[in-house]
Structures are given as structure tokens and as C-alpha cells.
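What follows is one structure encoded as C-alpha cells, with my remarks underneath.
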Amino acid sequence: MMKNRYILTLSAAVLFLFPFYSGAQGYTSWLTGSSEDADVQPEFGLCLMGGASESDEGMTWFLERANGGDVVVIRTSGSDGYNNYMFSELGVTLNSVETIRFDSPEAAFDPYVIERLNGAEAIWMAGGNQATYVNYWKDTPVMDAINNLVNVKQGVLGGTSAGMAVMGQAYFPALAGTVNQESALAFPFQPAMQFGNDDFIQAPFLENVITETHLNDPDRIRYGRITAFMARIGHDYGFRPLALAANEYCAIAVDADGIARAFGEYPQFDDDYVYFLQANCEMPNTPEILEADQPLTWIRNEEAVKVYRVPATVSGENFFDLNTWNSGEGGTWEDWYVTSGELTRVDDAAPVECVLSLSEGSEQIRTLLYPNPARNEIRVETEAGQWEYRIFDISGRLIMSGMHIGGSQAINISGISPGLYKIVLTGEGAFFSGSFVKQD
């Protein structure tokens, strides 16, 4: 196969940019910086941007976690607009930035593409069309490389707009077209309301989470749409739904301790906010009406969805804790509910009063799992009772099991390999499942 490469032969310290087009394999790439792979250890992170334009501070946070290594931008449209921005304009030293545009699904199996992704310390998913991201990357070596980056290599993953839209455990792939807020609330079972769950990107801290972007775009307001999405994924998959959502020009940056910081330009721009949404844990918490050809009704004492709204600032000092989903700094609580397809948002609401429970059984276990990521032990706190715990790797293989007596108990995980694991607790008719990352 003939490959057309245009390389400026310069010293390693000099910037070079060359386009590389592989028509046979269906991709185009642009490389800025060194073509030699950097051997550095990145720092774990997730960076989720709401679209329209990047938050420079959020992007700087993302790039710094590459630790001077290699950044790969993946997309299915556009060209090399990120290269100079990342490599030269933000003051972060990097070994290289490479943009790879997938022009056909075959590119997801190309050895060069996979080699570059596996060598990256940071992967950024650009905006575009999430349907092509799902069609091109799901169940391919690209998906494996992304999940290996965040769960084994402990690198940094980010995305904006469509890139952010596919980062949660649950996601809206837009395979049958998009939906607007009014349509999603009025017809929550319409054909376009299709969802994926637990079969694409497996990012720590985003379990049972669906994401939303462009939340405040005046042409496509989406506060009600994400509420309808949450109602559906809770119904379809049987867990208490959670969501991360961002207004345009804002970023959510999640570090290895599960602290999600909000970057933007508030108060200079008074609409720079990010949102952390959860179905109220007070039972019952499911929608009163969620049926075909009927508008959504989800009231539950006018507290159906508890929302922590966080001003996104240049310094990113405001945050929310994704370990517990019940505390943060600098934000305010809201209650959202839906009556016959109409969303109501109530300011100055009471904080959520329960520890995050990922329950799928007949009862809800008040459960806390920490630290996450963990090194030598993972601590589980539950209500009184006796529970059997089982720990599985990402392939579903049982790694270890034992008994847990209610209260606080440390489980020794020093003997298992680094990576992403799922822990399941069962007992007394209840069920808890959550995920954690084992670090070196």
C-alpha cells in the first residue's frame, strides 16, 4: 500500500506538522510535534465540555495530565484545528498532538491508528456526530484503547459536544436522529429515544451516568431533555439515574479522587454553569407516568430530580464530589420535576440527604465505596446486615469474594492487578453494584 507522507526533516526540538492520508484504510491524520512516542506516566482525569467553544482553563487542566506526553484527537469530521491550539497556544509542554479523522469504519482497525491511540497519554474526542462515533468505534480496538487509557494506563480522557455525549455509562447515540426538549418530554418513547448502556466507554466515576451538552444553547435548550433521558435510562436499565450536564463554554474536570471541578468564565458570563443531577433517593422515586404516547410526569413531591448547580470559573475552585453525590463547594441545590411534559425548576432546594446507592433490587442499600481509585484497600460502608461481596474484572471474571458485615469494612485489594473492577453486594433481598479503579 502506497502511503503519502510529507515530513520536514528537522531537529527533534523543532515543531513540524504533516498531513497523512490513508485512503485504503479510511483515515486522515495530522501530527504536530515529535513522531517518537514519549515514555511518561500520565495522571488520571476526565474532562467533559459542553460544546460551542473550549474552556481554555479546562483544556489546560486536561493537557497538564498528559505530563509532557502524547495527545491524540479523534473525530469523524473536520480537520486539524486542535493541533496548534493544544501544542502551542495554552503554554503546556507536550511531546506531540495528533489529530486522526476517521473517514470510514475501517480506520478503527488500522494498525497505525491503534498504535497511536495505545501510545497516547491523553485522548480527546472532538465535537461532531455521536452516531458516527458509536458506529465507527464501539466494539473495535478504538474502544479498547480508550478504556485501557483510563482504566489501566490511568491517563486522561476528554470530549466536547458529541465527544462528551458518549462518555457516560449510559449514552444517547442519536442513531435515529436527535430530539429536542419539547419532543423528549412529550414523547419519551418515540423511536429516536434510543439509548446505549454499559457497552461503550467504561470511565471511572461515570457509572449509571448519562451526559448532556449544549444545555443552554438558545436554539436547543436541553434541561428538559436530560431529565427525560434520565427517566428513560432508569426505566430501561433498572438503576437510579445520574447525569452530568454542561452549559456551552464550560468544562467538568474529574480528578483521580472523584472531585469534579467546574471551569468556565463565571461571573464574567453569568450563564457559565455545570450541573450534577440525580433521581431523588427517597422512595418511590420513579416517574408517575412514563408510557408510550403520553407526556412524561415525574413529580415526586416536586423533588423528582435533585440537582447541584455549580458556577464554572476560571480557577475551577467550585466542585462536586462524585464519590458520594451529596456534597460540593460553591454550588446550590435545585429541584426539578415534570408535569405533563412541562419542566419546572425550583431554586434554593434542600440538599440531597442520602448516600449514593446504586440499587437494582427490592430494597435500597445505603452504600458508600471509597477511596476511588484505590491502591491497597477499598472500604465499603453499608447499613446493618450481612452482605456477600463479589469483585469482577472488566471481562466479567470473578476475582475475589467474601462476606461483609454491615458498617464500615476494608477489603484488601493489594493482590489484584491495576484496572477497573466492579463490586457487587447482595443480601436480604437487596443488591448494590458499583465500580472502582485499582491503582499501582
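The values are calculated or read from the model by the stated rules, or taken from the named source; none is laboratory data. Please read these numbers as outputs of a predicted model, since none were measured by experiment. Please note: Cβ atoms are built from the backbone with ideal geometry, for glycine as well, and neighbour counts cover all protein chains shown.
Side notes on the structure shown:
- Residue satisfying condition, being part of a loop (DSSP other than H, G, I, E, B) and not aliphatic (A, V, I, L, M), within set 261, 300: 300
- Annotation: residue 380 fulfils all but one of (1) modelled with pLDDT under 90; (2) surrounded by fewer than 18 Cβ atoms within 10 Å (Cβ to Cβ); (3) within 24 Å of the chain's Cα centre (by Cα); the unmet one is (2).
Here is a yes/no grid of residues against (1) loosely packed, with under 15 Cβ neighbours inside 10 Å; (2) in the same structural domain as residue 205 (by TED's automatic domain parsing); (3) outside any loop (DSSP other than H, G, I, E, B); (4) at pLDDT below 80:
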| site | (1), (2), (3), (4) |
| --- | --- |
| 323 | no, yes, no, no |
| 337 | no, yes, yes, no |
| 400 | no, no, yes, no |
| 423 | no, no, yes, no |
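- The C-beta contact set for the range 232-244 (first residue at positive phi, second residue of a type in the set (Asp, Glu) and assigned to a loop (DSSP other than H, G, I, E, B), distance under 6 angstrom, 6+ apart or interchain) comprises 238/360.
- Filter pass, residue 353 being out of contact with any Leu (no Cβ under 9 Å at 6 or more places or on another chain) and at pLDDT 90 or above: no
- Within the range 161-177, the set of residues being assigned to a loop (DSSP other than H, G, I, E, B) and hydrophobic (A, V, I, L, M, F, W, C) comprises 166, 167, 172, 174, 176.
- Yes/no for residue 73 being at pLDDT below 95 and within 18 Å of the chain's Cα centre (by Cα): no
- Residues (part of a strand (DSSP E or B) and among the basic types (Lys, Arg)) located in the range 70-125: 75, 101
- Residue 409 satisfies every condition listed in (1) within 25 Å of the chain's Cα centre (by Cα); (2) modelled with pLDDT of 80 or more; (3) surrounded by 15 or more Cβ atoms within 10 Å (Cβ to Cβ); (4) not assigned by TED's automatic domain parsing to the domain that holds residue 264 except (1).
- Just one of the listed residues (160, 178) is among the β-branched types (Val, Ile, Thr) and touching a residue at least 60 places away in the same chain (Cβ under 8 Å), namely 160.
- Qualifying residue in the range 238-247 (condition: over 17 Å from residue 305 (Cβ atoms), out of contact with any Gly (no Cβ under 9 Å at 6 or more places or on another chain) and at pLDDT below 95): yes
- Restricted to the range 189-200, and to residues there that are of a type in the set (A, V, I, L, M, F, W, C) and surrounded by fewer than 22 Cβ atoms within 10 Å (Cβ to Cβ), the residue that is farthest from the chain's Cα centre (by Cα) is 189.
One line per residue, one yes/no per condition, for (1) part of a helix (DSSP H, G or I); (2) touching a helix residue (DSSP H, G or I) at 6+ places or on another chain (Cβ under 9 Å):
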site: 179; (1), (2): no, yes
site: 182; (1), (2): yes, yes
site: 185; (1), (2): yes, yes
site: 188; (1), (2): no, yes
site: 191; (1), (2): no, no
site: 216; (1), (2): no, yes
site: 221; (1), (2): no, yes
site: 227; (1), (2): yes, yes
site: 236; (1), (2): yes, no
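- Residues within the range 144-156 that are of a type outside the set (Val, Ile, Thr), crowded, with 21+ Cβ neighbours inside 10 Å and in a helix (DSSP H, G or I), tallied: 3
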